[in-house]
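Participant: Below: one structure in structure tokens.
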Amino acid sequence: MSPKTYSEQALRALVEPFANPVLVLDGEGRVRVCNDGYAELLGLPRDQVEGHSFLDFVQAEERSRLAERYQRLATGSPLDGRTQLYRVTSTQGRMTEVSVQATQVQLDGGGYGLLLCCLVQTQRPLELAVAERLVDTSAGLVSARSEEAVRRVALAGLEGAGFRARLLRWEGTRLVVRDGVSPPADAHLALEALSDGRPVFGGADHAEPTHAYLPVGGPQSEVLWVAGPWVAPRHGSVLTLFAKVVGAALADVHLQADGARSRWEVEAVAEMARFVAQPVPPPPERFLARVAELLKAQAVALHLVPAPGQPPQLSHQVGLEDEGQAQGQAGVGVDVERLTAVLVTSSLRLDGGVVSSEVQGRMLETLSQGRFGSGAAARLTRGGEGVGAVQALRSKERPFDERDARLLATLAELLVTLLEQRRLRAESARQLTETRLLLDLARTTSGVLETASILDVASDFLVHLLDVSNCFILLYDEQAKVLRGAAASVAHRDLFRTVVVPLDSDDLAARVARERKPIAIEDLTRGGASTGTGLVERLGEKALLGLPLTSREELIGVVMVDDVRGPRPFGPELIDLAEATCGQLALSIANARLYESLWASYAELAATRAEMVKRERLAALGELSAIVAHEVRNPLGVIFNAVASLRRIMKPEGDAAMLLDIVGEESDRLNRMVGALLDYTRPRNPVLQNEDLPRVLQDSLEAAKAQGATERPVRISSEVEEGMPPVPMDRRLIRQALLNVAVNAIQSMPQGGQVQVKARREAYGGREQLRIDVMDQGPGIPAELLHRVFEPFFTTKAQGTGMGLAVVKRILEDHRGEIAVESVPGRGTTFIFRLPLTQPLSFP
């Protein structure tokens, strides 16, 4: 150490004269002073160097060693006087090698100092500098964390070593320069380098090579184009080694990226699996939105195959709402259907995911008006069959790759699971609803024992259960061989009750009844079978399904359901459900008919019993009447003879004649009453024969007009429905009944009037009957007396016996018919005859 002590001013005076870099360090390693040469070497002003640690200006790799070395020197370790070589990096990144000669100095205040005199080494071989630069660059590649970072460091290192460099990528059909410029004219040499795995030199128009193609390899088959004065075959091994280092770095970061992406994909798929496995499966739109988020797609669309053999149709989408709205508002614009169909066909042919080709990318760009230019799609499969496709769309600046397609294919499997869960849940909910509805129908029909009520309930129930527009039920009339409209859903209940379909017709209902199996017409607009009742046109039916009602292989009727909203397929599941419901309905109808038959049997038994009691009473009354008539008519004969003799002998006048007339009239009235009583009690067995009703009416009304003549004329008219068949009746008895009622009608109008008689067919009591109305314009019968008009001996006439209507009632009951009366005081009275149109005839 020099014994001289140096102040800061002395130190400056010491270092300033030198042109080469010189600096002085204090005991803590800070730069105490430096000359302009050192500041220029670092590329910094002097004030940014002095006062700072010298370690800030040396290579990072040597900082720890030099720090420990300097600490030892400052604490008394001997100084090695030999010249040392160091590398100094300027702020511009330029690496400079210098030789350093160190001398210890004494600073004022007794501090330790070290004088460093540096000489810049300018005569190093170019090869060594380039090689060192490439080695440094290779070391820098280790810290790169992405493929782009590796490429950037490699190109920067080559440029720092004095080269011009580019990276070329082979895309299967052509070489592409990464910075977007055109490939070199001799780019075919790059393919040679890539295929042979060795450097290929170019520059045939010069004596020495001007550039070289170095195969990098890596995940994307890249070639490094290097140009510069140092490019020569003798340096090929160095350049090849650097290219391999770059390729290894690319492969390493690619592997790291793949690992990171794989971990991300596993986490993403797990998260999507948790999303799908929710207790209530989310809607497909939410799933597609998450797919768009994971793939950073601008739009995601789902196509599903409606039925085997049919083309896929767009089912759900996210990100395409703007396109659809623009098309709807402007009338032109993006056709969403065509846009989303670009990748569907190709994706359905291949397993796994597919990425759009160059042609498909251009189609996407054209159809989306520049919004999209790249797509990825994956097929949805269930049971080995393709059921649809999911696709994601992005702009052409952010193309999809194979990894995106694989991820989309995995997500497609989860989407299939989600759709299946939603289908099973919907199916379970549907089955639960149907089961509840069937239970409701069973409870309702089991509690109702009237066929009409069961059919009305079942019609409305089937509309709700099968989601149809209308339901019609026809019951089979075995005797007439026809189907009769019995019930319909509430909208057309009254309309359908008049429908009659012959069993041998071409009507769909008749075909169902004959074949005893369901028949469906999914599109009535194409023509073909119809209901034969005009309902297709009247109701605007578009689809029709007919189902037979059978119980124990016995035809009960036919159920028809329609849909007026449009053509619709009636699938096997719906037909099975409808058949199960019709089976329950047929059983309920059979039970109701059994109950009605049992009730009718009980009613018939009760009627027979009442008839027997009545006959016994009538027999007793007849016997009593015969005795009374015998005992009364003998004195009556004597009275008639006595009155006649008195009139002949006495020639009475005045009061005597009046008294004799009274005796004669009352005797005659008593005689008629006895005769009526005998008629009422006399047993009758009607002899039923098919009679011409108009002739019977004409005979009865003519006799009534002659017998019931009044002071003023009474008009009598009759009207019989056209096509009236012969009616089974006892002509004599029915004539008497009509005569009695018509005479009463005439006698109720002493001031004249009109008696109308109308005969027609009527459905009554579950069968077709003859109805005859006898209407007069008399004063009517008071309401409190209506229930007594058919009682024996009840009359409101001074000369009546009270037996006429009682006899009429008995005659109709003997014919298995009935009579009723309707009357409004002041508006006349109507007597209603009802006779069966079909009953066994009597033997002649």
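The values are calculated or read from the model by the stated rules, or taken from the named source; none is laboratory data. Keep in mind that what you see is a predicted model, and the values were worked out from it rather than measured. Every residue, glycine as well, gets a Cβ built from its backbone with ideal geometry; the counts of neighbours run over all protein chains shown.
Participant: Please work out which residue is nearest to Leu524 (Cα to Cα), limiting yourself to the stretch 562-610 and to residues that are in contact with a helix residue (DSSP H, G or I) (Cβ under 8 Å, 6 or more places away or on another chain) and of a type in the set (Asp, Glu).
Facilitator: Among them, the one singled out is Asp562.
Participant: Further question on the same structure: Any residue in the stretch 691-698 that is modelled with pLDDT of 80 or more and over 29 Å from Asn740 (Cα atoms)?
Facilitator: Checked against the condition, which is being modelled with pLDDT of 80 or more and over 29 Å from Asn740 (Cα atoms), the stretch 691-698 yields no hits at all.
Participant: Which of the residues spanning the stretch 64-93 are of a type in the set (Lys, Arg), surrounded by 15 or more Cβ atoms within 10 Å (Cβ to Cβ) and not in a strand (DSSP E or B)?
Facilitator: Answer for the stretch 64-93, where residues must be of a type in the set (Lys, Arg), surrounded by 15 or more Cβ atoms within 10 Å (Cβ to Cβ) and not in a strand (DSSP E or B): there is none.
Participant: Please name all residue pairs, on different chains or six or more residues apart, with Cβ atoms under 8 Å, provided the first residue is in the stretch 273-296 and is under 20 Å from Gln391 (Cβ atoms) and the second residue is crowded, with 19+ Cβ neighbours inside 10 Å and of a type in the set (Asp, Glu).
Facilitator: Leu295/Asp404
Participant: So is Arg552 over 20 Å from Asp467 (Cβ atoms) and surrounded by fewer than 16 Cβ atoms within 10 Å (Cβ to Cβ) or not?
Facilitator: Spelling it out, Arg552 is indeed over 20 Å from Asp467 (Cβ atoms) and surrounded by fewer than 16 Cβ atoms within 10 Å (Cβ to Cβ).
Participant: Still on this model: Give the stretch 820-831 a look and list any residue that's in a strand (DSSP E or B) and farther than 18 Å from Ile746 by Cβ, or say none.
Facilitator: Ala820, Glu822, Val824 - these are the residues of the stretch 820-831 that are in a strand (DSSP E or B) and farther than 18 Å from Ile746 by Cβ.
Participant: Okay, moving on. Taking into account only those residues within the stretch 653-662 that are closer than 26 Å to Val632 by Cβ and loosely packed, with under 15 Cβ neighbours inside 10 Å, which is nearest to the chain's Cα centre (by Cα)?
Facilitator: The selected residue is Ile662.
Participant: Hey, can you tell me all the residues within the stretch 143-168 that are buried (at least 17 other Cβ atoms within 10 Å of the Cβ) and under 58 Å from the mean Cα position of the chain (by Cα)?
Facilitator: Across the stretch 143-168, the qualifying residues are Ala144, Glu147, Val150, Arg151, Val153, Arg166, Leu167, Leu168.
Participant: Would you be able to tell me the number of residues in the stretch 470-517 that are farther than 21 Å from Gly766 by Cβ, in a loop (DSSP other than H, G, I, E, B) and acidic (Asp, Glu)?
Facilitator: Summing the residues that are farther than 21 Å from Gly766 by Cβ, in a loop (DSSP other than H, G, I, E, B) and acidic (Asp, Glu) in the stretch 470-517 gives 3.
Participant: Please determine whether any residue of the stretch 346-355 is under 22 Å from the mean Cα position of the chain (by Cα) and in contact (Cβ under 8 Å) with a residue 40 or more places away in the chain.
Facilitator: No: the stretch 346-355 contains no residue that is under 22 Å from the mean Cα position of the chain (by Cα) and in contact (Cβ under 8 Å) with a residue 40 or more places away in the chain.
Participant: Looking at the stretch 811-844, which of the residues that are of a type in the set (Asp, Glu) and at pLDDT below 90 is surrounded by the most Cβ atoms within 10 Å (Cβ to Cβ)?
Facilitator: Per the criteria, the residue is Asp814.
Participant: Farther than 19 Å from Ser718 by Cβ, touching a helix residue (DSSP H, G or I) at 6+ places or on another chain (Cβ under 8 Å) and either among the aliphatic types (A, V, I, L, M) or buried (at least 17 other Cβ atoms within 10 Å of the Cβ) (or both), is that true of Leu805?
Facilitator: Spelling it out, Leu805 is indeed farther than 19 Å from Ser718 by Cβ, touching a helix residue (DSSP H, G or I) at 6+ places or on another chain (Cβ under 8 Å) and either among the aliphatic types (A, V, I, L, M) or buried (at least 17 other Cβ atoms within 10 Å of the Cβ) (or both).
Participant: Does Arg133 satisfy the condition of being of a type in the set (Lys, Arg), touching a strand residue (DSSP E or B) at 6+ places or on another chain (Cβ under 7 Å) and either in contact (Cβ under 8 Å) with a residue 12 or more places away in the chain or surrounded by 14 or more Cβ atoms within 10 Å (Cβ to Cβ) (or both)?
Facilitator: Considered against the rule, which asks whether it is of a type in the set (Lys, Arg), touching a strand residue (DSSP E or B) at 6+ places or on another chain (Cβ under 7 Å) and either in contact (Cβ under 8 Å) with a residue 12 or more places away in the chain or surrounded by 14 or more Cβ atoms within 10 Å (Cβ to Cβ) (or both), Arg133 comes out as no.
Participant: Which one of Ala139, Ala144 is in a loop (DSSP other than H, G, I, E, B) and within 23 Å of Arg63 (Cα to Cα)?
Facilitator: That would be Ala144, the only listed residue that is in a loop (DSSP other than H, G, I, E, B) and within 23 Å of Arg63 (Cα to Cα).
Participant: From Gln391, Gln421, Gln369, which residue is under 20 Å from Glu285 (Cα atoms), of a type outside the set (Ser, Thr, Tyr), surrounded by fewer than 17 Cβ atoms within 10 Å (Cβ to Cβ) and assigned by TED's automatic domain parsing to the domain that holds Gln298?
Facilitator: Gln421
Participant: A further question follows. So, Val536, is that one modelled with pLDDT under 90 and in a helix (DSSP H, G or I) or not?
Facilitator: Considered against the rule, which asks whether it is modelled with pLDDT under 90 and in a helix (DSSP H, G or I), Val536 comes out as yes.
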